[in-house]
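The values are calculated or read from the model by the stated rules, or taken from the named source; none is laboratory data. A quick note: this is a predicted structure, and the numbers were derived from the prediction, not measured. Every residue, glycine among them, receives a Cβ derived from its backbone with ideal geometry; neighbour counts consider all protein chains shown. Each accessible area value is taken on the protein alone, full model and side chains, heavy atoms only, with ligands, DNA and RNA left out. Shrake-Rupley method; radii C 1.70, N 1.55, O 1.52, S 1.80 Å.
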Amino acid sequence: MPDDLPARREVTDAMRPEPPLGMLLELTHRCPLQCPYCSNPLALERASDELPTEAWQDVLDQAARLGVLQVHFSGGEPMARRDLVPLVRHAAGLGLYTNLITSAVLLDAPALAALSDAGLDHVQISFQDVDEAGADRIGNYAGGHAKKLAAARLVRESGLALTLNFVVHRHNIARVPQMIALGEALGAGRIEIANVQYYGWGLRNRAALLPTRAELDAATEAVFAGRERLAGRMVIDYVIPDYYAIEPKGCMGGWGRRFLNVSPAGRVLPCHAAETLPGFDWPSVRTTQLAEIWNRSEPFARYRGTAWMPEPCRSCDRREIDWGGCRCQAFALTGDAGRTDPACALSPDHAVMAEAAREAEAPPPPFVYRRIGSNL
Amino acid sequence: MSDAADESVAPALRRGVKFRFDTVRDAWVLLGPERLFVPDETAVEVLRLVDGARTLGAIIDDLAARFGAPRDTIAADVTALLHDLAGKGAVTF
Ligand code: SF4
Ligand code: SF4
């Protein structure tokens with residue numbers, strides 16, 4: 001029926017998603033550290049599977065044309081890639097905002113000078129703790145903490161913007177005030193105090209990592225006090241664990257709405273944890289254009305918007321605020337990625353969150369360190 | 001910075017903050033670490049004058065002349081806007 005055609009075309013155009021704002025490039029899964037909460041998938045990709053330099057450059061070109069504004073070079077440890085400097089230069093040349101997310105144990109003065117010269121805008125350094133012994137135990141890397149401190153000072157001296165990232169859990173959450181003080185002492189413009197997100201390695205180690213409610217409340221109070229004291233000088237971003245939330249986070253600003261993630265081998269995902277979901281045939285930049293993946297691929301469309309939602313989300317007035325929460329968490333805790341995130345108090349599965357929180361009252365079991373081949 | 005704004009200071013974008021025109025969205029964007037603002041028309045006019053050299057007073061004069069608005073009104077708006085952006089970590093004085 002030809003009469004239908006214009007109407008159909010309109011529907012298709014209306015359904016075309018907004019362009020993505022940010023892209024995370026997981027250049028490699030290689031990393032000298034072994035954090036037990038690493039957000040990488042349990043099945044880590046090997047160096048021989050990684051995309052070559054020209055393929056990453058092509059991905060950057062495509063991303064800029066698609067509307068991406070910010071690119072985050074991440075991993076694993078992105079500095080383990082020898083072509084990081086040319087990739088940063090390429091991205092900066094396209095006018096993209098470039099952010100390096102690094103453990104900083106490889107970030108010495110010559111490396112930093114080369115990155116800064118290539119047009120890097122911002123460096124985010126992850127810290128495992130504020131004291132040497134605690135930090136090096138988490139990363140399972142002796143001497144790492146001292147190297148990070150030295151690198152943070154170099155970043156400041158170079159004038160580049162600096163963020164310190166602290167992933168917090170029951171072994172370091174009591175030291176949130178010291179973390180804020182360290183950010184201040186190092187002259188960071190921003191710090192992130194982010195509780196572990198419990199997927200992948202974090203979920204595997206949840207009983208060893210999840211803080212108690214009382215520990216969390218003390219940390220929250222320290223963050224609020226720090227924000228007030230440092231207003232206008234240092235931004236403090238704060239992420240609580242979903243286990244103590246009543247509303248879920250709007251994970252990635254909604255599935256396939258703002259953000260895309262490219263894995264070392266070139267698979268494209270709506271978030272870095274999505275590889276934990278079964279039943280997806282993730283599209284790859286090796287075979288498909290980024291615009292095609294974003295605008296038309298089935299995996300990006302599957303949980304985009306609100307049409308896929310079950311109750312209670314479907315009729316909830318927060319459905320375009322939190323987009324039903326995190327799909328990876330729904331899958332990890334209910335076995336079905338298409339359910340309401342159990343972090344929501346309205347979810348029929350919400351009780352599993354409280355059970356896990358009770359685990360936090362017991363003594364912590366030992367860590368399972370992140371290693372290629374250690375998830376047994 | 002006190003409330004009776006010192007107009008001799010020269011606001012600047014903080015290191016690591018970029019203000020540029022995005023041809024895909026056909027809009028000006030202000031980019032920072034994990035931050036993104038799409039400034040409205042007024043903010044765009046102000047931000048285009050923020051270069052670390054021009055003083056707050058000069059920015060106000062320029063806008064007041066161009067928009068033919070009372071200088072006091074412009075001064076209050078511009079100062080409030082720049083303070084807001086400073087609080088968000090995008091601008092320094
Ligand atoms: S979380 Fe730890 S192990 Fe994982 S990539 Fe970051 S620094 Fe490496
Ligand atoms: S019911 Fe769904 S949309 Fe409503 S708050 Fe909970 S997760 Fe969000």
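The figures follow:
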read-out	value
Matching entry among B:Leu47, B:Leu63 (being more than 26 Å from A:Gly93 (Cα to Cα) and crowded, with 17+ Cβ neighbours inside 10 Å)	B:Leu63
Test: residue in the range A:65-82 that is open to solvent by 30 Å² or more (accessible area, probe 1.4 Å), part of a loop (DSSP other than H, G, I, E, B) and more than 14 Å from chain B (Cβ to nearest Cβ)	yes
Strands (runs of 3 or more DSSP E) completely within chain B that count 3 or more residues being within 14 Å of another protein chain (Cβ to nearest Cβ) and modelled with pLDDT under 90	B:35-37
Qualifying residue in the range A:259-276 (condition: open to solvent by 20 Å² or more (accessible area, probe 1.4 Å) and within 15 Å of ligand 2 (Cβ to nearest atom))	no
Residue, most open to solvent (accessible area, probe 1.4 Å), within the range A:20-49, restricted to residues that are more than 14 Å from chain B (Cβ to nearest Cβ) and more than 16 Å from ligand 1 (Cβ to nearest atom)	A:Ser48
Residues (of a type outside the set (A, V, I, L, M), open to solvent by 30 Å² or more (accessible area, probe 1.4 Å) and outside any helix (DSSP H, G or I)) located in the range A:200-239	A:Gly232, A:Arg233, A:Asp237, A:Tyr238
Matching entry among A:Pro52, A:Pro17 (being more than 16 Å from ligand 1 (Cβ to nearest atom), within 14 Å of another protein chain (Cβ to nearest Cβ) and either open to solvent by 10 Å² or more (accessible area, probe 1.4 Å) or not charged (D, E, K, R) (or both))	A:Pro17
Filtered residue count, the range A:151-160, keeping only those that are surrounded by fewer than 23 Cβ atoms within 10 Å (Cβ to Cβ) and either within 14 Å of chain B (Cβ to nearest Cβ) or within 21 Å of A:Ala357 (Cβ to Cβ) (or both)	5
Failed condition for A:Arg233, given (1) over 14 Å from A:Asn172 (Cα atoms); (2) more than 14 Å from every other protein chain (Cβ to nearest Cβ)	(2)
Near pairs, Cβ below 8 angstrom, 6+ apart or cross-chain, from the range A:318-345 (more than 19 Å from A:Ala356 (Cβ to Cβ)) to any residue that is among the basic types (Lys, Arg) and surrounded by fewer than 24 Cβ atoms within 10 Å (Cβ to Cβ)	A:Asp322/A:Lys249; A:Trp323/A:Arg257
Which listed residue, of A:Gly256, A:Gly305, is away from ligand 1 (no atom under 16 Å from the Cβ), in a loop (DSSP other than H, G, I, E, B), open to solvent by 10 Å² or more (accessible area, probe 1.4 Å) and within 25 Å of A:Arg339 (Cβ to Cβ)	A:Gly305
Every residue from the range A:128-164 that is at pLDDT 85 or above and among the hydrophobic types (A, V, I, L, M, F, W, C)	A:Val130, A:Ala146, A:Leu149, A:Ala150, A:Ala151, A:Ala152, A:Leu154, A:Val155, A:Leu160, A:Ala161, A:Leu162, A:Leu164
Residues satisfying the stated conditions in the range A:347-364, i.e. at pLDDT 90 or above and surrounded by 15 or more Cβ atoms within 10 Å (Cβ to Cβ)	A:Ser347, A:Asp349, A:His350
Of the criteria (1) surrounded by fewer than 18 Cβ atoms within 10 Å (Cβ to Cβ); (2) without any contact (Cβ under 8 Å) to a residue 12 or more places away in the chain, which one A:Asp136 fails	(1)
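To keep it simple, each residue is scored yes or no on (1) within 16 Å of ligand 1 (Cβ to nearest atom); (2) more than 18 Å from A:Gly75 (Cβ to Cβ); (3) not in a strand (DSSP E or B).
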| residue | (1), (2), (3) |
| --- | --- |
| A:Gly95 | no, yes, yes |
| A:Asn99 | yes, no, no |
| A:Ala104 | yes, no, yes |
| A:Leu107 | yes, no, yes |
| A:Ala111 | no, no, yes |
| A:Ser116 | no, yes, yes |
| A:Leu120 | no, no, yes |
| A:Gln124 | yes, no, no |
| A:Ala133 | no, yes, yes |
